[in-house]
């Protein structure tokens, strides 16, 4: 159990202990009142001889009433004070937990940002490779075959990619890194894809294009994050665009490692959901593998680009992509939704 929750449990224990003792005191004072009443009755029966004993019995009765009055006052004051303390404790715990979840959400989206920044660097670098440039400049089958082998060598070293495609200026894929694994890729028309059009419109070799996570039919409907840039004449930064290099980041296992690797305590994992969502709050990756590309979550971002809030038995922490270096991000969020332990126990 975490220390803040431990403090709250101790507060509850003190409250329960105090109530037990108050009930015990009330029981004793109740017994004392009965005894004093019996003593007064016996003193009355005794007449003149019992007058002195009656005075003592009355004093016992008064003491019992005073103790009862003090006990009732203590019970009221203690109940209000401990209730305030518990409410304050619950609020502080919620704030602490929310702040922690927001920090974890930020860390999660930052890991993805840095990872995708590297993808943007890869595509801009590989687009200047002589084999890639010659494939389009030469236009021969031999050049395409050599470029394909070169892309295959790259894929052997960079295992986070499913495939690399070279498309000519008309948007026809002429070479890939894994023609045997994905034979349908060769000849695919990508001219209408946003990443192709955006790449052809880049001003120079420092710019790149990217697309939302999507399933690509020619890659056996695998989920990929696509990064692309123009292949330029002579491989020069300011050369004329002669085609596009598209690289396909193997999204599911890579993103899954991030959302499932969040540093939660063991007791939290069963009732905590870690998510990456796009700018439309569509789930891109989930620690429970549910809702990927099919679920859109509700997210209250009124606290700004990073924050936390309570929502019907859950605490939600979130952070907007901060971007990294030249990668601006795509408006994605890291989100962590954690059920209260009591609510989780009911499931």
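With (1) closer than 22 Å to residue 237 by Cα; (2) in contact with a helix residue (DSSP H, G or I) (Cβ under 9 Å, 6 or more places away or on another chain) as the list, and residue 120 as the residue in question, which single condition is left unmet?
Unmet condition: (2).
Evaluate the following for residue 312: is it part of a loop (DSSP other than H, G, I, E, B), modelled with pLDDT under 95 and under 29 Å from residue 126 (Cα atoms)? Give the steps one after another, and end with the answer.
Numbers: part of a loop (DSSP other than H, G, I, E, B): yes; modelled with pLDDT under 95: yes; under 29 Å from residue 126 (Cα atoms): no.
No, not satisfied.
Would you be able to say whether some residue in segment 282-290 is in a loop (DSSP other than H, G, I, E, B), out of contact with any helix residue (DSSP H, G or I) (no Cβ under 7 Å at 6 or more places or on another chain) and either in contact (Cβ under 8 Å) with a residue 60 or more places away in the chain or under 16 Å from residue 97 (Cα atoms) (or both)? First the steps, then the outcome.
Step one: of segment 282-290, the residues in a loop (DSSP other than H, G, I, E, B) are 287-290.
From what's left, out of contact with any helix residue (DSSP H, G or I) (no Cβ under 7 Å at 6 or more places or on another chain): 288-290.
Narrowing further to those that are either in contact (Cβ under 8 Å) with a residue 60 or more places away in the chain or under 16 Å from residue 97 (Cα atoms) (or both): none.
So far as segment 282-290 goes, no, none of its residues is in a loop (DSSP other than H, G, I, E, B), out of contact with any helix residue (DSSP H, G or I) (no Cβ under 7 Å at 6 or more places or on another chain) and either in contact (Cβ under 8 Å) with a residue 60 or more places away in the chain or under 16 Å from residue 97 (Cα atoms) (or both).
Given the conditions (1) without any contact (Cβ under 8 Å) to a residue 60 or more places away in the chain; (2) surrounded by fewer than 17 Cβ atoms within 10 Å (Cβ to Cβ); (3) under 39 Å from the mean Cα position of the chain (by Cα), which single one is not true for residue 155?
Among (1) without any contact (Cβ under 8 Å) to a residue 60 or more places away in the chain; (2) surrounded by fewer than 17 Cβ atoms within 10 Å (Cβ to Cβ); (3) under 39 Å from the mean Cα position of the chain (by Cα), the lone unmet condition for residue 155 is (2).
Find the residue count for segment 203-249, including only residues that are over 11 Å from residue 123 (Cβ atoms) and not in a strand (DSSP E or B). Before the answer, list the steps.
Kept after step one, since they are over 11 Å from residue 123 (Cβ atoms), are these residues of segment 203-249: 203-204, 206, 211-225, 232-243.
Pick out the ones that are also not in a strand (DSSP E or B) and you get 203-204, 206, 211-213, 217-221, 233-240.
Matching residues across segment 203-249 total 19.
Of everything in segment 123-161, what is touching a helix residue (DSSP H, G or I) at 6+ places or on another chain (Cβ under 6 Å) and part of a loop (DSSP other than H, G, I, E, B)? Give them in sequence order.
Listed by number, the residues that qualify are 128, 160.
Please determine whether any residue of segment 300-309 is part of a helix (DSSP H, G or I) and either buried (at least 17 other Cβ atoms within 10 Å of the Cβ) or touching a strand residue (DSSP E or B) at 6+ places or on another chain (Cβ under 6 Å) (or both).
Applying the first criterion (part of a helix (DSSP H, G or I)) to segment 300-309 yields none.
Scanning segment 300-309, I find no residue that is part of a helix (DSSP H, G or I) and either buried (at least 17 other Cβ atoms within 10 Å of the Cβ) or touching a strand residue (DSSP E or B) at 6+ places or on another chain (Cβ under 6 Å) (or both), so the answer is no.
Tell me whether segment 329-347 contains one or more residues that are assigned to a strand (DSSP E or B), under 15 Å from residue 116 (Cβ atoms) and either in contact (Cβ under 8 Å) with a residue 40 or more places away in the chain or out of contact with any strand residue (DSSP E or B) (no Cβ under 9 Å at 6 or more places or on another chain) (or both).
Quick first cut of segment 329-347, residues assigned to a strand (DSSP E or B) only: 333-339.
So of that shortlist, the ones also under 15 Å from residue 116 (Cβ atoms) come out as 333-334.
Retained after the next criterion (residues that are either in contact (Cβ under 8 Å) with a residue 40 or more places away in the chain or out of contact with any strand residue (DSSP E or B) (no Cβ under 9 Å at 6 or more places or on another chain) (or both)): 333-334.
Checked against the condition, which is being assigned to a strand (DSSP E or B), under 15 Å from residue 116 (Cβ atoms) and either in contact (Cβ under 8 Å) with a residue 40 or more places away in the chain or out of contact with any strand residue (DSSP E or B) (no Cβ under 9 Å at 6 or more places or on another chain) (or both), segment 329-347 yields at least one hit.
Taking the options 98, 30, name whichever one is surrounded by 14 or more Cβ atoms within 10 Å (Cβ to Cβ), in a helix (DSSP H, G or I), at pLDDT 70 or above and at negative phi.
Values: 30 fails: surrounded by 14 or more Cβ atoms within 10 Å (Cβ to Cβ).
Checking each option against the conditions leaves just 98.
Taking the stated definitions as given, is residue 175 touching a helix residue (DSSP H, G or I) at 6+ places or on another chain (Cβ under 7 Å), within 16 Å of residue 128 (Cα to Cα) and touching a residue at least 12 places away in the same chain (Cβ under 8 Å)? Write out each step before concluding.
Details: touching a helix residue (DSSP H, G or I) at 6+ places or on another chain (Cβ under 7 Å): yes; within 16 Å of residue 128 (Cα to Cα): yes; touching a residue at least 12 places away in the same chain (Cβ under 8 Å): yes.
When the stated conditions are applied, residue 175 passes them.
Do you know which of the residues in segment 179-207 that are more than 15 Å from residue 243 (Cα to Cα) and touching a strand residue (DSSP E or B) at 6+ places or on another chain (Cβ under 6 Å) is surrounded by the most Cβ atoms within 10 Å (Cβ to Cβ)?
If we filter segment 179-207 for residues that are more than 15 Å from residue 243 (Cα to Cα), which is where we start, we get 179-185, 206.
Add one more test, that the residue is touching a strand residue (DSSP E or B) at 6+ places or on another chain (Cβ under 6 Å), and what stays is 182, 185.
Numbers: 182: 20, 185: 24.
The selected residue is 185.
The values are calculated or read from the model by the stated rules, or taken from the named source; none is laboratory data. If you're wondering where the values come from, they're calculated on a predicted model, not measured in any experiment. So basically every Cβ, Gly included, is an ideal-geometry build from the backbone, and we count neighbours across all protein chains shown.
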